[in-house]
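Each remark here refers to the structure printed beneath this line.
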Amino acid sequence: MPAFRFPIPFGRLCSKDTRSTTSTPRTPLVLVSFAALSPATLAGEPLLHFSNQTVEAGLTALNDYSPFQSYAAMAGGGVAEDFNNDGFDDILLLGSLNPNALYINNQDGTFTDQAAEWGVAGPFHSYAASTADFNNDGYIDLFITSFGPATQLPRPGEFKLFMNNGPDKAGNWSFTDVAQSAGVNRLLVGVNNSEGTGSDWGDYDLDGDLDLFVTALSPLVPGNRLFRNDGPDETNTWRFTDVTAEAGLEETNVRGFLPSFADMNNDRYPELIIISDSGTSRYYTNNQDGTFTNTTSEARGIETINGMGIDIADINNDFKLDFYATNIRYNNPPIGGNVLLIQNSDGSFDDQGPSTGTHLGYWGWGALINDFDHDGHKDILENNGFTTGGFGNDPATLFLNNGNAASFTESAEDCNIDYVAQGRGLVRLDADNDGDMDAVLFNHKQPMAYFRNNLISPESTPDNAHWMRIKLDTSARDTLAPQGIGAMITLSTPTKDYLLPIHNSVSYCGSSAVETHIGLAEESQIVSIQVAWPDGSYSTWTDLESDQILTLSASAHPADYDRNGAVDSGDLFEFISYLNTRDLTIDHNGDGRVDYFDISAFIRDYRAANKP
C-alpha cells in the first residue's frame with residue numbers, strides 16, 4: 001500500500017459502508033488497521049472524525065430543573081450564535097434552577113462564561129430559547145420561555161425577550177429584558193402557570209421584520225401563539241400583537257414542542273410547521289394574506305408521531321425543501337421512529353424514514369441536517385434520551401447520506417460521536433471557523449457535549465472536502481428581514497446546483513446561527529451564487545472560490561448595482577458593463593440567463609426608484 005500523503009486524525013475512519021443502520025445497543029468497536037483498508041476507500045471518502053472537546057473548551061456548566069415546572073423532565077437546551085459580532089459563534093446554556101451560561105468564544109478553542117456580565121445569568125425557570133435580530137439593529141437578541149426566578153415556584157408571565165444593547169463606550173456588552181413591554185412575556189391567559197416550550201422567528205407577512213411563534217403542550221386550550229412584530233411605537237417601544245386567531249392558527253389539542261417557519265412551496269411566504277406530541281403535529285400553508293390553512297393531510301407521516309425536533313433542507317438535491325422530525329422509537333416491540341418527509345412534485349410529502357433507515361433512532365429530540373463530511377450530500381445528526389423518570393440515556397445517532405437521500409448509514413460511533421446521554425437540544429456551529437460544522441448536544445441534568453469536527457485541519461482542506469459558508473446582510477434594505485431570513489440561495493458549481501434555504505435554524509429547545517453551509521466534495525470553483533430575496537428581487541455573484549465564509553449583502557434597492565445606496569446613472573453604466581460580457585450578475589429576473597427580460601426588468605425598477 002502506498003504511503004498516505006495527508007495526516008490521518010487519531011481515531012476512526014468514518015466510511016459510509018462500514019455499518020448497517022441499527023437501533024440496538026452498540027457493541028464495542030473493532031479496531032481495523034489502515035493497511036487493511038483499500039486505497040479506494042481512503043481516497044474516496046473524506047476522513048470524518050469528531051473529538052469531544054467539552055472540557056478542553058471550558059464548557060462545564062450544568063442545568064437543573066424544578067419538579068414543579070411543567071414538563072421539566074423534557075427540558076435541556078441552548079443556542080449557538082455570534083452575540084458580540086466578532087465573527088465567531090458563541091454558546092448559551094439554559095440553566096433553569098442553575099444560572100445560565102453565556103459562553104463567549106475566545107477564538108482559540110476555548111470559551112468564557114460571561115452570562116453575569118451580559119445580564120442573562122438568572123437563574124430563572126427556563127425551558128427553551130431562540131435567537132433573532134427582532135429590532136433590526138444588527139445585534140442578535142434572545143427569547144427564552146421561562147417561568148420566573150428560580151427561588152420561587154414557576155409562574156406565568158415571565159418569558160424573556162433579551163434585547164442585545166451592543167457594546168457601550170467601554171466595549172462592554174449587555175442585554176435588557178423587554179418581553180413585558182413588547183407583549184411577548186406570556187401565552188394565552190389561562191394556560192398552565194409554567195406552560196411554553198419552543199419558539200421560532202420568521203417574516204410570515206413579508207413586511208421586513210421578524211414575527212414570533214411560541215408553542216405550548218397543553219391540549220385543553222389553544223396555547224400555541226403567533227405574535228406579529230409591529231415595530232416601535234411613538235415612544236420607541238417595540239410592540240408585538242397576538243394575531244393567532246385572525247391568522248387561522250387558534251386550535252386546541254395541538255401539543256406543540258417546536259415551531260418552524262420556512263418557505264416550503266417556493267412562493268416566498270413561509271409555511272409554519274408545528275412539531276407536536278401525541279400525533280398532533282401540524283403543517284400550515286401560508287395564504288399570503290396574513291392567514292394560514294391547515295394542510296397537515298399533505299404532510300403524510302407527521303400525523304402519527306410523538307414529535308419533538310425538526311430541521312429543514314433540500315436533502316435529496318431535487319430543489320424542493322424536505323424536513324426531518326424526531327420521534328420516539330421503541331425497540332420491543334419495534335414501533336415508532338423518526339420521519340423523513342420528502343416533498344413531491346405536487347407539494348405533498350411522503351415519509352421515507354423507513355426506506356432510508358433514518359427512522360431508526362432512539363428517543364429522539366434535537367435534529368440537524370448538515371453535510372458533515374463535505375461529500376455534497378446532507379447528513380442527519382440526532383440527540384436522544386429516554387424520558388421516563390428523567391434518568392434514561394440513549395446514544396446520539398449520525399445518519400450519513402449515501403447519495404441523494406436514497407439511503408443512510410448510522411455512523412456516529414465510527415465518527416467518534418460515541419456518546420450516550422440524557423439528550424435533548426442540539427445545535428450546529430463552526431466554533432473554530434475552519435469550514436466544517438461542529439455540534440453541541442444539550443442534555444437533561446447533565447453537562448453539554450461539544451463535538452469538534454476534525455474533517456478539516458488548520459493546515460489544509462482535503463481535495464474531496466471543499467465547502468462554503470454563507471451569511472446574508474440585509475441592513476441596507478428595510479423590506480427584507482434581518483440576516484436574510486426567508487431568502488433562498490442557489491449555489492452552482494461546474495457540475496451541480498444546490499438549493500440552500502435561510503431560516504432561523506431552530507432545533508429542540510434551541511436554535512443555531514442563521515447561515516447556510518454546504519459541502520462541495522471535489523468542487524473548488526463556484527460558478528455563481530444567486531440569492532432570491534423574499535421581496536421578489538434577485539442578486540447574483542459569479543466566479544467565486546470555495547472554502548471561505550461569505551457574507552453577501554443586499555443592496556439598498558434591486559437596481560442599485562454599484563451599491564452606493566442610490567439608484568442613479570452609475571447603476572445604469574454598471575448594468576451595461578455587465579451586459580456587454582453577459583455576466584450573470586445582472587440576471588435581474590433570476591431565470592439564470594442574461595437577455596432582454598433582464599433589461600426590461602432593470603428599466604422597470606430603475607424608473608420606479610426615480611419617480612418624483
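Report, ordered by chain and residue number, the lysines lying within cross-link reach of K496, taken as a straight Cα distance under 18 Å and ignoring same-chain residues fewer than 8 apart. Within the straight-line cut-off, K496 pairs with K320, K378. Compactness of segment 185-310, taken as the C-alpha radius of gyration over 2.2 N^0.38 Å, stands at 1.03. Sorting the segments 200-206, 142-148, 379-385, 68-74 by their mean number of nearby beta carbons within 10 angstrom, highest to lowest, gives 379-385, 142-148, 200-206, 68-74. Straight-line reach from K160: which lysines have Cα under 24 Å away, leaving out those fewer than 8 places along the same chain? Result set, ordered by chain and number: K445. Shown is the FRET efficiency for D267 and N85, computed with R0 = 45 Å from the Cβ-Cβ distance and rounded to the nearest 0.05: 0.85. DSSP assigns beta bridges within the chain; of those with both partners inside it, close to 95 percent run antiparallel. Annotation: amide H of E271 within the under-5 Å range of A262, D263, M264, N265, N286, sequence separation 5 or more or interchain, hydrogens built in the peptide plane.
Using a probe of 1.4 Å, the accessible surface attributed to S281 totals some 0 Å² when neighbouring protein chains are kept in position. For the pair T110 and K496, the difference between a 0.36 nm per residue extended length and the Cα-Cα distance amounts to 135.3 nm. Under 5 Å between amide hydrogens, built in the peptide plane, is the criterion, and for N253 it picks out L220, V221 among residues at least 5 positions away or on other chains. Taking 0.36 nm per residue of separation and subtracting the Cα-Cα distance, full extension of the segment from N332 to K169 would add 52.6 nm. With both labels modelled 7 Å from their Cα along Cα-to-Cβ, the T293 to A566 distance reads 4.7 nm.
The values are calculated or read from the model by the stated rules, or taken from the named source; none is laboratory data. Model, not experiment: these values are computed from the prediction. In this analysis, Cβ positions are derived from the backbone assuming ideal geometry, glycine residues included, and neighbour counts consider all displayed protein chains. Side chains included, ligands, DNA and RNA excluded: accessible areas come from the protein's heavy atoms. Shrake-Rupley method; radii C 1.70, N 1.55, O 1.52, S 1.80 Å.
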